[in-house]
Amino acid sequence: MAKMRVVQVGKAGGALELVERDIPQPETGQVRIKVQACGVCHSDSITKEGYFPNINYPRVPGHEVAGVIDAIGPNVSAEHWKVGQRVGVGWYGGHCGNCKSCFNSLRNSGARAGDLVAVLGIGGLGHLAVQFAAKMGFRTVAIARGKDKEALAKKLGAAVYIDSSDSDVAAELQKLGGADVIVATVTNAEAMSKAMGGLGVGASFVILGAAAEPMSLNGLDIIMNRQSVKGWPSGVAADSEDTLAFSVLANVRSMNEEYPLEKAAEAYDRMISGKAKFRVVLTTGH
């Protein structure tokens, strides 16, 4: 039987290892995808470290897949699915994906053109969120540590850049009138908590990055200023299509740090370290 290469985790907390497996045949109602690229997401640590109970090992992580259909099973509509068709797959068939969560959270945030929208963190998610916010007509503020990301943030469309390493983020946002929406793409609870004071009246704090530690909230400020805090995981398959269509229309582009499949462990370490400037992506060479 023909073989394929996969990177698997043998046990909870185990190493990422490159192995060969039999290529599966698509069953009824299924298509088979030849994977060309896969994003390395922070939530892949759930599989690698075994954070959820009842995970069966060995297991192959990865849920941000792009590739082409190379086989179609019985009872699949030939009108919609064809061999050679480019496709993308998200967690739960559409419950993840870094582009989609940035785009979908913004268009459902309640912000209108001209409103002040701040993006906390300019990395794999944040560099996309800045582009989407600017292209949607929001007054866009980019927030990150250090001066080195300022030029990039403004090139992506930010009107204002705040260096969180030497500025009071909340105070700087209040000088601008208070943010109508803050989109948090970082995985640092302290950074999120400090930024919340920059919200305006009736504003929303939208969490896209999952922090391991709890956040600190000022309940009185939230009540008195009618503010809200909410998370946004992603959307359904139709939202993915809308995201891609808008990206083409508005020329929003993802910036990636690419690694070959053989260097999956190195790519994972780069992502988990928080030092990756953009999205870490594995490529298969297909």
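The values are calculated or read from the model by the stated rules, or taken from the named source; none is laboratory data. Note that the structure is a prediction, hence the values are computed from the model and not measured. For neighbour counting, all protein chains shown are included, and Cβ atoms are generated from backbone atoms with ideal geometry for every residue, glycine included. The area values use the complete protein model at the heavy-atom level, side chains included, leaving out ligands, DNA and RNA. Shrake-Rupley method; radii C 1.70, N 1.55, O 1.52, S 1.80 Å.
Miscellaneous remarks
- Note on segment 20-94: Cα-only Rg and Dmax are 14.2, 41 Å.
- Here the translational diffusion coefficient of the chain follows from Stokes-Einstein with Rh set to the Kirkwood radius across Cα pairs; for 20 °C and 1.002 mPa s it amounts to 106 µm²/s.
- Reachable aspartates and glutamates from K155, criterion Cα separation under 20 angstrom, eight or more residues apart if same chain: D115, D163, E257
- Within the same chain, aspartates and glutamates fewer than 8 places from K230 are excluded, and of the rest, those with a Cα less than 16 Å from its Cα are D180, D221.
- Heavy atoms of E79: accessible area, 1.4 Å probe, square angstrom to 10: 140 Å²
- Building the convex hull from the alpha-carbon atoms of segment 164-286 and averaging its projection over directions returns 10.4 nm².
- Once the Cα-Cα distance is subtracted from the 0.36 nm per residue extended length, the K11 to E257 segment shows a gain of 85.9 nm.
- Label-to-label distance for E213 and E79 is 5.5 nm, based on points extended 7 Å past Cα in the beta-carbon direction.
- log10 of Debye I(q)/I(0), alpha-carbon scatterers only, for segment 3-127 at 0.15, 0.18 Å⁻¹: -0.90, -1.11
- Pairs from K147/K275; K135/K277; K82/K135; K3/K275; K48/K263 whose Cα-Cα separation, in the structure shown, is over 25 Å: K82/K135; K3/K275
- Over segment 57-186, equivalent-ellipsoid semi-axes from the Cα gyration tensor in Å: 37, 16, 12
- Rounded to the nearest whole Hz, the Karplus-based 3J(HN,Hα) values (6.51 cos²θ - 1.76 cosθ + 1.60, θ = phi - 60°) of segment 78-89 follow the sequence 5, 5, 9, 10, 9, 4, x, 6, 6, 9, x, 10, with x at glycine and proline.
- One equal scatterer on each Cα of segment 102-248, no solvent, Debye formula: the resulting log10 I(q)/I(0) at q = 0.09, 0.17, 0.21 Å⁻¹ is -0.24, -0.89, -1.38.
- DSSP beta bridge pairing in the chain, given as percent antiparallel to the nearest 5: 45 percent
- Report summary: the helix-based calculation at 222 nm, which adds -39500 (n - 2.57) for every DSSP H run with n ≥ 4 and divides by the residues of the chain, gives -7500 deg cm²/dmol.
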